[in-house]
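The structure appears below as structure tokens.
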Amino acid sequence: MADSTPRRFTRRTFLGWWMASLLTSTVVIGLAPILVFLWPAPAKGQKKTAIPVSLDKAMTELSPGDAIKFDAPTSPNSAFIMANGGGDNAAGDLAFGGFAVKDEKGSTHVFAINCSHLGCPIGLNATDKTFDCPCHGSRFHLDGTVLHGPAPAPLSDLSWKQGDNPKTIVVDGLILGF
Ligand code: FES
């Protein structure tokens, strides 16, 4: 038979709840700035969106060594969002272009165009099959890893998925609204 005696609300119970609430509030207040820093909310007027990108070839048709450059749309003004990064790049940073690549081992990638040294746009060196940075001479393999510094970290990935059309991919981005 169930005990129908009401529970007593003692001073110890009250202090327990009070301490738990205080501790929870302290943790939430302490973590909030860190979470905002890691996942900044879009500024007013900016909207996260999936940006369709048209390529010359379907990702599945890329041959090892192929790299297709693409730019963020300018109407409306948009940017891609880096999924990760090192050096000057970090997850959540914006990129105004990228490369769809099949590396020489046959893996496909979609990279942000920004060099991990100080953010200059890299270019494809079609002869050597590398990405080269014109600013301070960094070079990257087609899999995004560093071939030559001063870049301290690999290229940043962009999050993408296949679009409706075989030659279209959809990349995570932001409508900047200006
Ligand atoms: S910005 Fe690319 S090497 Fe410095």
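Please find, within segment 99-115, the residue that is nearest to the ligand (Cβ to nearest atom) out of those that are outside any strand (DSSP E or B) and of a type outside the set (Val, Ile, Thr). Give the derivation first.
Of segment 99-115, the ones outside any strand (DSSP E or B) are 103-107, 113, 115.
Now restrict to residues that are of a type outside the set (Val, Ile, Thr): 103-107, 115.
On the way: ASP103: 20, GLU104: 22, LYS105: 24, GLY106: 27, SER107: 23, CYS115: 3 Å.
That would be CYS115.
Return yes or no: is LYS161 out of contact with any helix residue (DSSP H, G or I) (no Cβ under 6 Å at 6 or more places or on another chain), surrounded by 14 or more Cβ atoms within 10 Å (Cβ to Cβ) and basic (Lys, Arg)?
no
I'm trying to understand the selection: among the residues of segment 133-178, which are basic (Lys, Arg) and closer than 26 Å to PRO52 by Cα?
LYS161, LYS167
Check LEU142, LEU176 and return the single one that is farther than 28 Å from ASN77 by Cβ, more than 16 Å from the ligand (Cβ to nearest atom), touching a residue at least 60 places away in the same chain (Cβ under 8 Å) and within 19 Å of the chain's Cα centre (by Cα).
Unique residue meeting the criteria: LEU142.
Pairs under 6 Å by beta carbon, first residue without any contact (Cβ under 8 Å) to a residue 60 or more places away in the chain and within 16 Å of ASN84 (Cβ to Cβ) in segment 108-122, partner more than 14 Å from the ligand (Cβ to nearest atom) and among the β-branched types (Val, Ile, Thr), six or more apart or different chains?
Close Cβ pairs satisfying both conditions: HIS109/VAL101.
From the list THR49, THR26, THR60, THR13, which one is over 23 Å from ASN114 (Cβ atoms), outside any loop (DSSP other than H, G, I, E, B), of a type in the set (Val, Ile, Thr) and at pLDDT 70 or above?
Step by step, each of THR49, THR26, THR60, THR13 is checked, and only THR60 is over 23 Å from ASN114 (Cβ atoms), outside any loop (DSSP other than H, G, I, E, B), of a type in the set (Val, Ile, Thr) and at pLDDT 70 or above.
The values are calculated or read from the model by the stated rules, or taken from the named source; none is laboratory data. Every value quoted in this text rests on a predicted model; they were computed, and no experiment measured them. All Cβ positions, even for glycine, are placed from backbone atoms using ideal geometry, and neighbour counts span all protein chains on display.
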